[in-house]
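Engineer: So that we are looking at the same thing, I have put the structure below in structure tokens.
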Amino acid sequence: MRYLADTHILLWAFEGGAKISGSVSQALRDRSSEVFFSPVSLWEIAIKYQTGKLVIHGVTPEEFLAELEDSFFEPLPLDNQVIASSYQVPRLHGDPFDRLLMWQAIKHDCTLLSADPATDQYASHGLRVVH
């Protein structure tokens with residue numbers, strides 16, 4: 001199975017995982033699966049960190065990336081085709097980061113790991129989600 005972690009799942013995983021649901025935890029522990037993170041999440045983290053909307057358990061976004069790179073999470077490249085075709089994602093969800101993550105998951109045949117119930121609106125567009 002291929003999973004793409006939503007930004008909050010990445011952050012919660014590095015805070016100890018207490019906020020992560022049992023089904024998402026199970027997916028993260030399944031070592032036969034690939035679990036990816038996106039540059040979109042890194043961009044979202046950097047922007048929210050810069051504006052003071054996010055504190056990452058005492059580290060900078062660069063230090064958080066170093067932790068990610070030392071973990072079981074694998075980078076999922078954000079290619080130009082995904083970006084150029086992202087206009088096809090309906091604006092059912094107001095967050096542009098989430099819409100791009102969902103589109104990246106669809107285009108790379110990944111199941112999104114997310115606690116956001118608004119992602120369910122995209123099932124008819126091919127998105128699979130574990131909450």
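Engineer: Look through the range 1-26, keep the residues that are within 19 Å of Y49 (Cβ to Cβ) and of a type in the set (A, V, I, L, M, F, W, C), and return whichever of them is surrounded by the fewest Cβ atoms within 10 Å (Cβ to Cβ).
Structural biologist: Among those residues, the one meeting the criterion is F14.
Engineer: Take the residues of the range 76-101 that are among the charged types (D, E, K, R) and free of Cβ contacts under 8 Å to residues at least 60 places away in the same chain: which is surrounded by the fewest Cβ atoms within 10 Å (Cβ to Cβ)?
Structural biologist: It comes out as R91.
Engineer: Within the range 17-24, can one find any residue that is out of contact with any Cys (no Cβ under 9 Å at 6 or more places or on another chain), among the polar types (S, T, N, Q) and in a helix (DSSP H, G or I)?
Structural biologist: For the range 17-24, residues out of contact with any Cys (no Cβ under 9 Å at 6 or more places or on another chain), among the polar types (S, T, N, Q) and in a helix (DSSP H, G or I): present.
Engineer: Just to be sure I understand the filter: pairs with C-beta atoms under 6 Å, separated by 6 or more residues or on different chains, first member in the range 41-57 and closer than 16 Å to F14 by Cα, second member at pLDDT below 95 and outside any helix (DSSP H, G or I). Which pairs pass?
Structural biologist: Taking only residues 6 or more apart or on different chains, the pairs are H57/E15.
Engineer: Would you say V40 is under 17 Å from L127 (Cβ atoms), aliphatic (A, V, I, L, M), at pLDDT below 95 and surrounded by 14 or more Cβ atoms within 10 Å (Cβ to Cβ)?
Structural biologist: no
Engineer: Among the helices (runs of 4 or more DSSP H) contained in the range 49-131, which hold 1 or more residues that are under 14 Å from the mean Cα position of the chain (by Cα)?
Structural biologist: Numbers: elements: 61-69, 80-85, 96-107.
Output list reads 61-69, 96-107.
Each row is one residue, and each column tells you yes or no for (1) on the phi > 0 side of the Ramachandran plot; (2) out of contact with any Asp or Glu (no Cβ under 8 Å at 6 or more places or on another chain).
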position: A5; (1), (2): no, yes
position: I9; (1), (2): no, yes
position: A18; (1), (2): no, yes
position: F36; (1), (2): no, no
position: P39; (1), (2): no, yes
position: T51; (1), (2): no, yes
position: V55; (1), (2): no, yes
position: G58; (1), (2): yes, yes
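The values are calculated or read from the model by the stated rules, or taken from the named source; none is laboratory data. No experiment lies behind these values; they were computed from the predicted model shown. Counting neighbours? That spans all protein chains shown, and the Cβs are built from the backbone with ideal geometry, glycine included.
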